[in-house]
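S.K.: A single structure is presented below for examination.
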Amino acid sequence: MAISGEEVRRRLREFAAQWGGYRGSERAEAQTFLNGLLECYGTSRREAGVRFEEAQDGGFIDMVWPSVCIFEMKRPSEADRLDAHRAQALRYWQRSGTARQAAPPYVVLCAFHRFEVWQPGAVYTEPRTTFDLAELPENLDALAFLAGREPLFVADQSELTREAVVLVTDLYDRLRERRAADAGTLRDFVLQAIWSMFAEDLQILPRQLFTQLLDALVSDPGRSSVDELGRLFRYLAEPAPRPEHGLYADTPYANGGLFATPAEVHLEPDELELLRSACDFDWKRVEPAIFGALLQGALGRERQWALGAHYTSEADILKIVLPTVVEPWRERIAACTTLADVGAAQADLARYVVLDPACGSGNFLYVAYRELRRLEASLRRRATDMRRSAGLREQETLALHFPLTNMRGIEADPFAVSLARLSLWMGHKLAVDELEIDERVLPLADLSGIRRGDALRVAWPRADAIVGNPPYHGSQQIRGELGDDYAEWLRREFGVGLKDYCVYWFRKAHDHLEDGGRAGLVGTNSITQNRARGPSLQWIVENGGVITSAVSKQPWSGEAVVNVSIANWVKRPAEPPPEALLDGRVVDVITSSLRPLDLDVSNAVQLHSNRDHAFQGPIPAGAGFLLSETEANELFDRPEAHYSDVVRPYLVGEDITDDPLQRPRRYIVDFATRPLQEARLWPAALELVEQRVRPIRATNARRAYRDRWWIFAEARPGMRAALASLHRYIAGIAQGKRILFAWQEPWTCPSNLTNVFAFADDYAMGVLSSAIHSHWARDQSSTLRVDIRYTPTSAFETFPWPDPTPDRREQIASLARSMIERRQA
Ligand SMILES: C[S@@+](CC[C@H](N)C(=O)[O-])C[C@H]1O[C@@H](n2cnc3c(N)ncnc32)[C@H](O)[C@@H]1O
């Protein structure tokens, strides 16, 4: 029964008071606690189908409410160490989803006195909110899903980050509109100002120095930002000297390349106000994982991305960073049994290099860096625990910090390179603060290891892990986007023909890895399919790569219309990984089509028995062959010949999908393969073709098309021979969300956007329209965005045609008949 918010609050107050003093550790108490919590929200455990102690991943999840939430309980003494249990809770969550039921959206990690509420599908790396038991009544909305409502979390970091981007973008736009300086200087100015605001909010710049300078500038129109901010940026660029007194006396030395050219830009009063209001923003709360990408979109080349429309969500970045970077380290840390093991792991971690060879604004690198720092902290904790339990004295751990410079990137867009560096500098300070490490963040680290270049042309630095999201250009777009010379160079350099652009990154990454090295890349979905799979995933698997974790297909978070695949692999591992994770499920082996081994049909061969039954429709190559209905009727009325021999109804895909009768609505002149001499028997039709098609064909690069202008470019004599003796045939659309089939009479000429099946029996129509053939075709075909493209050679010729008993055969035929009747009714 739904109860009021006030009632929930009242109950939660009582609940908090009741459990506030609990110090025990019995598991049974966890169930009492959870039952009580559900009751506060008016939910009965039994009625809701909530289960306690569900076996999972070798352990037990304390509470599972399918499709709603998971609760992982810890004893009260762990309240200050919940972060040490996050990995386990998130692993439970990852593995709680199945093909039939998605993982519940919320995860609560709770040590009786402290709660962490996670929404891992939206934000994977940090809880949406945390609070103590005593604060629970005030935070009742954060657990509102216990009452069947949407929860409310206090602040949404991505919204805040967007706000920050809007603030600086507004300023940049004004400056650009009035040409306050050249574009390069304006971008430098914005980046230097952003870092300064971030730095003063995190106390790297003393006394809110940047804000103070702006206050002074706003109140005194006689001063200029060229002098005041310019001077600040100059000091930040130089190690010494500083004035003995005054505002700039203790300005730190930052440089790192960010201040290599201190930006001098004069701001008008309204622009100063804008920048001053940006100072009020709490820059500590900016999320670098998306900040750079948003800013790249907003300030980048021609604003090609609407603000917020294009960036990789953190949840997607983690589908690579977790399996390729974090999990292997977690396993290694868990396997450390001696202090010497921990020491060796710390030393190896300090040398561990991550490369993103299409790093954009550095979002993958930032997330990887943040996670590596957390791993480093857990190694330190491990060492401390070991010392303690061995009765050894606490010892300051060696000041061996994971270096920011181990993050390497290559990127074509120079502005994105600057943003990637900025994101990492921010990430450095945020990590040092989060983990309370005693480490200097100034001067800014030299991030020349993140550099501008064409990743396919330059040498890559040594890397233990390669991550990223290389650019998407279909093989058909490469010439248009990158030019013929570049396309030819790609063919020569890689020797695999012209493929989707990302294919070359998969290849180069695998070549570049040392044995035991790992990579995780996002690619267009084509890497799992026919032409592009061979030189990418298949080549990797055939050359010592083992795919450890993959997403077979998902819409990309940046641009919903693109389907992508994600593959993480390890090159020649010392020991084969015991299992793999495919689309969130544990499987033995992931194949190069990103399928579990037993379901993989990608290597199916073309069957001899299926030859000469299915064809792509003829390709006219010349719109002039088409006739309107009036023109066709005029020809039919002419006395000198039977024009219906060469003027035929013309079937296109839409006729099959849009018209219940699935009949053609246009006409076409089709001389089949007749020589010119014979075509002259239909003079009026030939004349039309000569007027409309011949001039266009005359410019065609292929001689056969030029010379035989009255005949379709691809006339498909094989198809014509196969159809010759049939009183009807089956046509199917060549591309669509679902492939539909239709009966056609022999007079109808199919277009090249249809496929033709040389069958006249209802049984064949039943088999082609069956779910099994549809699944097979989907597996065998390439996809274009979300459509499948049915190609007879890969979808039909490989299909094992069933051989049922006569009864079953008739049953299928009868079903096919009623399907067509219903469609046409
Ligand atoms: C799909 S984006 C991914 C960037 C970033 N990780 C993200 O999620 O926003 C691909 C990036 O590759 C860059 N790029 C394109 N061609 C490149 C090349 N030949 N070498 C290096 N980078 C390239 C683009 O500028 C873009 O930033």
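The values are calculated or read from the model by the stated rules, or taken from the named source; none is laboratory data. Model, not experiment: these values are computed from the prediction. Cβ sites come from the backbone with ideal geometry, for glycine too, and all protein chains shown count toward neighbours. Protein only, heavy atoms only, side chains kept; ligands, DNA and RNA dropped before computing areas. Shrake-Rupley method; radii C 1.70, N 1.55, O 1.52, S 1.80 Å.
S.K.: Hey, any hits in the range 267-276 for a residue that's closer than 27 Å to residue 443 by Cα and at pLDDT 90 or above?
M.R.: Yes: the range 267-276 contains one or more residues that are closer than 27 Å to residue 443 by Cα and at pLDDT 90 or above.
S.K.: Quick check on my filter: what residues within the range 203-260 are within 30 Å of residue 448 (Cα to Cα), open to solvent by less than 20 Å² (accessible area, probe 1.4 Å) and not in a loop (DSSP other than H, G, I, E, B)?
M.R.: 209, 210, 211, 225, 229, 230, 232, 233, 236, 237
S.K.: Checking the conditions here, which among 383, 347, 368 is in contact with a Leu (Cβ under 9 Å, 6 or more places away or on another chain), modelled with pLDDT of 90 or more and not β-branched (Val, Ile, Thr)?
M.R.: Working: 383 fails: modelled with pLDDT of 90 or more; 368 fails: in contact with a Leu (Cβ under 9 Å, 6 or more places away or on another chain).
None of the other options fit; the residue is 347.
S.K.: Which fully enclosed strands (runs of 3 or more DSSP E) of the range 727-825 have 3 or more residues being under 27 Å from residue 472 (Cα atoms) and of a type outside the set (Asp, Glu)?
M.R.: Because the criterion is at least 3 residues that are under 27 Å from residue 472 (Cα atoms) and of a type outside the set (Asp, Glu), the strands (runs of 3 or more DSSP E) in the range 727-825 that meet it are 782-784.
S.K.: Residue 478 fails exactly one of the following numbered conditions: (1) under 29 Å from residue 779 (Cα atoms); (2) free of Cβ contacts under 8 Å to residues at least 24 places away in the same chain; (3) surrounded by fewer than 16 Cβ atoms within 10 Å (Cβ to Cβ). What is the number of that condition?
M.R.: All conditions pass for residue 478, except number (3).
S.K.: Continuing with this model, one more query. If only one of 434, 439, 411 is within 30 Å of residue 189 (Cβ to Cβ) and within 16 Å of the ligand (Cβ to nearest atom), which one is it?
M.R.: Selected residue: 411, the only one of 434, 439, 411 that is within 30 Å of residue 189 (Cβ to Cβ) and within 16 Å of the ligand (Cβ to nearest atom).
S.K.: Of the conditions (1) over 30 Å from residue 722 (Cα atoms); (2) open to solvent by 80 Å² or more (accessible area, probe 1.4 Å), residue 545 clears all except one; give me its number.
M.R.: Condition (2) is where residue 545 drops out.
S.K.: Looking only at the range 46-62, decide whether some residue is in contact (Cβ under 8 Å) with a residue 60 or more places away in the chain, assigned by TED's automatic domain parsing to the domain that holds residue 117 and within 22 Å of residue 148 (Cα to Cα).
M.R.: no
S.K.: Residue 416 - would you say it is open to solvent by less than 10 Å² (accessible area, probe 1.4 Å), under 25 Å from residue 568 (Cα atoms), within 14 Å of the ligand (Cβ to nearest atom) and hydrophobic (A, V, I, L, M, F, W, C)? I'd like the intermediate steps shown before the answer.
M.R.: Working: open to solvent by less than 10 Å² (accessible area, probe 1.4 Å): yes; under 25 Å from residue 568 (Cα atoms): yes; within 14 Å of the ligand (Cβ to nearest atom): yes; hydrophobic (A, V, I, L, M, F, W, C): yes.
Yes.
S.K.: I'm checking my understanding of the structure. Among residues of the range 246-298 that are more than 16 Å from residue 227 (Cβ to Cβ) and of a type in the set (Val, Ile, Thr), which one is farthest from the ligand (Cβ to nearest atom)?
M.R.: 261
S.K.: I need every pair where a residue in the range 806-825 that is under 20 Å from residue 655 (Cα atoms) and assigned by TED's automatic domain parsing to the domain that holds residue 741 has its Cβ under 8 Å from the Cβ of a residue that is open to solvent by less than 100 Å² (accessible area, probe 1.4 Å) and acidic (Asp, Glu), sequence separation at least 6 or different chains.
M.R.: 816/762; 817/762
Per-residue answers, yes or no, for (1) within 16 Å of the ligand (Cβ to nearest atom); (2) within 30 Å of residue 81 (Cβ to Cβ); (3) at pLDDT below 90; (4) in a loop (DSSP other than H, G, I, E, B):
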position	(1), (2), (3), (4)
374	no, yes, yes, no
378	no, yes, yes, no
392	no, yes, yes, yes
396	no, yes, yes, yes
405	no, no, no, no
428	no, yes, no, no
443	no, no, no, yes
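S.K.: Just give me the residues in the range 460-472 being open to solvent by 40 Å² or more (accessible area, probe 1.4 Å) and more than 8 Å from the ligand (Cβ to nearest atom), in sequence order.
M.R.: Across the range 460-472, the qualifying residues are 462, 464.
S.K.: Taking residue 658 as meeting all but one of (1) in contact with a helix residue (DSSP H, G or I) (Cβ under 6 Å, 6 or more places away or on another chain); (2) within 20 Å of residue 750 (Cβ to Cβ), write down the number of the exception.
M.R.: The number of the failed condition is (1).
S.K.: Across the range 110-145, what is the total count of residues that are farther than 22 Å from residue 313 by Cβ and open to solvent by less than 20 Å² (accessible area, probe 1.4 Å)?
M.R.: Within the range 110-145, residues that are farther than 22 Å from residue 313 by Cβ and open to solvent by less than 20 Å² (accessible area, probe 1.4 Å) number 11.
S.K.: Further question: Kindly state which strands (runs of 3 or more DSSP E) lie completely within the range 576-655 and contain at least 1 residues that are of a type in the set (A, V, I, L, M) and without any contact (Cβ under 8 Å) to a residue 24 or more places away in the chain.
M.R.: By residue number, 585-587.
S.K.: Would you check if residue 673 is of a type in the set (Val, Ile, Thr), in contact with a Lys or Arg (Cβ under 8 Å, 6 or more places away or on another chain) and open to solvent by 10 Å² or more (accessible area, probe 1.4 Å)?
M.R.: Yes: the conditions hold for residue 673.
S.K.: Give the residues of the range 500-524 that are under 17 Å from residue 457 (Cβ atoms) and either more than 14 Å from the ligand (Cβ to nearest atom) or not β-branched (Val, Ile, Thr) (or both), sorted by residue number.
M.R.: Across the range 500-524, the qualifying residues are 501, 502, 504, 505, 506, 507, 508, 509, 511, 512.
S.K.: Checking residue 777 against (1) modelled with pLDDT under 95; (2) open to solvent by less than 20 Å² (accessible area, probe 1.4 Å); (3) over 31 Å from the mean Cα position of the chain (by Cα), which single condition isn't satisfied?
M.R.: With respect to (1) modelled with pLDDT under 95; (2) open to solvent by less than 20 Å² (accessible area, probe 1.4 Å); (3) over 31 Å from the mean Cα position of the chain (by Cα), residue 777 is out only on (3).
S.K.: What residue, among those in the range 348-370 that are assigned to a helix (DSSP H, G or I) and away from the ligand (no atom under 16 Å from the Cβ), is least open to solvent (accessible area, probe 1.4 Å)?
M.R.: The qualifying residue least open to solvent (accessible area, probe 1.4 Å) is 349.
S.K.: Sticking with this one: Does the range 477-485 include one or more residues that are within 21 Å of residue 415 (Cβ to Cβ) and among the hydrophobic types (A, V, I, L, M, F, W, C)?
M.R.: Within the range 477-485, one or more residues are within 21 Å of residue 415 (Cβ to Cβ) and among the hydrophobic types (A, V, I, L, M, F, W, C).
S.K.: Filter the range 277-297 for residues that are outside any loop (DSSP other than H, G, I, E, B), crowded, with 21+ Cβ neighbours inside 10 Å and either modelled with pLDDT under 85 or within 24 Å of the chain's Cα centre (by Cα) (or both) and give the result.
M.R.: Once the filter is applied, which keeps residues that are outside any loop (DSSP other than H, G, I, E, B), crowded, with 21+ Cβ neighbours inside 10 Å and either modelled with pLDDT under 85 or within 24 Å of the chain's Cα centre (by Cα) (or both), the range 277-297 yields 288, 289, 290, 291, 292, 293, 294, 295, 296, 297.
S.K.: More than 13 Å from residue 146 (Cα to Cα), open to solvent by less than 20 Å² (accessible area, probe 1.4 Å), of a type outside the set (S, T, N, Q) and in contact (Cβ under 8 Å) with a residue 24 or more places away in the chain - does that describe any residue in the range 25-41? Full working, then the answer.
M.R.: In the first step, residues of the range 25-41 are kept if they are more than 13 Å from residue 146 (Cα to Cα); the result is 25-33.
Subset that is open to solvent by less than 20 Å² (accessible area, probe 1.4 Å): 30, 33.
From the residues that got through so far, the ones that are of a type outside the set (S, T, N, Q) too are 30, 33.
Now drop any that are not in contact (Cβ under 8 Å) with a residue 24 or more places away in the chain, which leaves 30, 33.
Yes - at least one qualifying residue is present in the range 25-41.
S.K.: Of the residues in the range 145-183, how many are over 28 Å from the mean Cα position of the chain (by Cα), part of a helix (DSSP H, G or I) and free of Cβ contacts under 8 Å to residues at least 12 places away in the same chain?
M.R.: 4
S.K.: Residue 75 versus (1) out of contact with any Ser or Thr (no Cβ under 6 Å at 6 or more places or on another chain); (2) open to solvent by 40 Å² or more (accessible area, probe 1.4 Å): which is the lone unmet condition?
M.R.: (1)
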